[in-house]
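Have a look at the structure below, then the notes.
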Amino acid sequence: MTATAQAGRRHPVALVAGASSGIGAAVARRLAARGSAVALVGRREPELKEVAESIRAAGGTALSLALDLAEPGAPAEAVAGTAAGLGPVGLLVCSAGAIRLAAVHETEERHWERQLRVNLTVPFLLAREVLPGMRERGFGWVVNIGSGVGSEVVPGSGGYGVSKHAVHRLTELIHEENRDLGIRAVTVAPGWVSTRLAARPADLGVPEEEVLEAEDIADTVAWLLDRPARMSVGPLVRVEPSASRAAAGDAMTRHLTRSRAEGAGPDTEETP
């Protein structure tokens, strides 16, 4: 293996979807600090540029691509733009997400479709774009940010819970189909993380320090990348708060109950 190829495997060009805030931004910064050139993809251009500038200020390389990945053709455009600006994608991280908490009978079709599109179809389309090149080069990583809720039956999780459960299986398929070709696929499934998508700990009587931070998930991704080639972890890796009162499923149930009691209705949010 040439020195260039070895460097590419240690610090592969990364595409991070949903990189303008939360877990995606934290992962992008960590990957850049490790030496990867990182393409940041998200809908909100000002926030995306802010993350990119912070990476460059720290001596890293970042390319911002303002795209709504749910739009037709956008995943292919993101991968092509990354290849043109930084080189072929060797590490794909899918962190973009949409959530609408509601019981099945309360879920509108448009909300169901949006969540499945963003949480499941977008990771599929991005993986479909990058896998042929990874297979040809004999190396690559696909990291999907799932959810602990995807491994549990949480009433009220609706299309979010279904789509996150499905993305876990998508990752398993990618792993099995490509494990003998130098490609590893892992879903990192966090519990309650303090981001704009999650309930505020104070609202549920949980101390802030008991809830995970986005940097904890970035640490997990970095740890996975440091495993030797002979070692497989996952393809599902759950990362939960230590405190039982900060468990994701219970917190989501209490949050939905509280919202209904206050007449706020189902929650909706989407990562940039």
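Considering Arg200, Arg179, Arg184, which residue is crowded, with 22+ Cβ neighbours inside 10 Å and over 15 Å from the mean Cα position of the chain (by Cα)?
Within the list Arg200, Arg179, Arg184, the selection yields Arg184.
Quick one: count up the residues across the range 162-216 that are in a helix (DSSP H, G or I), among the aliphatic types (A, V, I, L, M), more than 22 Å from His111 (Cβ to Cβ) and touching a residue at least 24 places away in the same chain (Cβ under 8 Å).
Number satisfying all stated conditions: 4.
Being at pLDDT 85 or above, open to solvent by 70 Å² or more (accessible area, probe 1.4 Å) and of a type in the set (Phe, Trp, Tyr), is that true of even one residue in the range 215-224?
So far as the range 215-224 goes, yes, one or more of its residues are at pLDDT 85 or above, open to solvent by 70 Å² or more (accessible area, probe 1.4 Å) and of a type in the set (Phe, Trp, Tyr).
One residue is enough: does the range 104-114 have a residue meeting the conditions open to solvent by less than 20 Å² (accessible area, probe 1.4 Å), under 20 Å from Ile145 (Cβ atoms) and not β-branched (Val, Ile, Thr)?
Taking every residue of the range 104-114 in turn, none turns out to be open to solvent by less than 20 Å² (accessible area, probe 1.4 Å), under 20 Å from Ile145 (Cβ atoms) and not β-branched (Val, Ile, Thr).
Identify the single condition in (1) part of a helix (DSSP H, G or I); (2) more than 21 Å from Gly24 (Cα to Cα); (3) open to solvent by 70 Å² or more (accessible area, probe 1.4 Å) that Pro155 does not satisfy, given that it satisfies every other one.
(1)
Evaluate the following for Arg128: is it open to solvent by 10 Å² or more (accessible area, probe 1.4 Å) and either in contact with a strand residue (DSSP E or B) (Cβ under 8 Å, 6 or more places away or on another chain) or on the phi > 0 side of the Ramachandran plot (or both)?
It is false that Arg128 is open to solvent by 10 Å² or more (accessible area, probe 1.4 Å) and either in contact with a strand residue (DSSP E or B) (Cβ under 8 Å, 6 or more places away or on another chain) or on the phi > 0 side of the Ramachandran plot (or both).
When the range 19-36 is examined, which residues are found to be among the aliphatic types (A, V, I, L, M) and open to solvent by 20 Å² or more (accessible area, probe 1.4 Å)?
Ile23, Ala33, listed by residue number.
The values are calculated or read from the model by the stated rules, or taken from the named source; none is laboratory data. What you are looking at is a predicted structure, and each value in this text was computed from that prediction instead of being measured. Here Cβ is always computed from backbone atoms with ideal geometry, including for glycine, and neighbour counts include all displayed protein chains. Heads up: the accessible areas ignore ligands, DNA and RNA and are worked out on the full protein's heavy atoms, side chains in. Shrake-Rupley method; radii C 1.70, N 1.55, O 1.52, S 1.80 Å.
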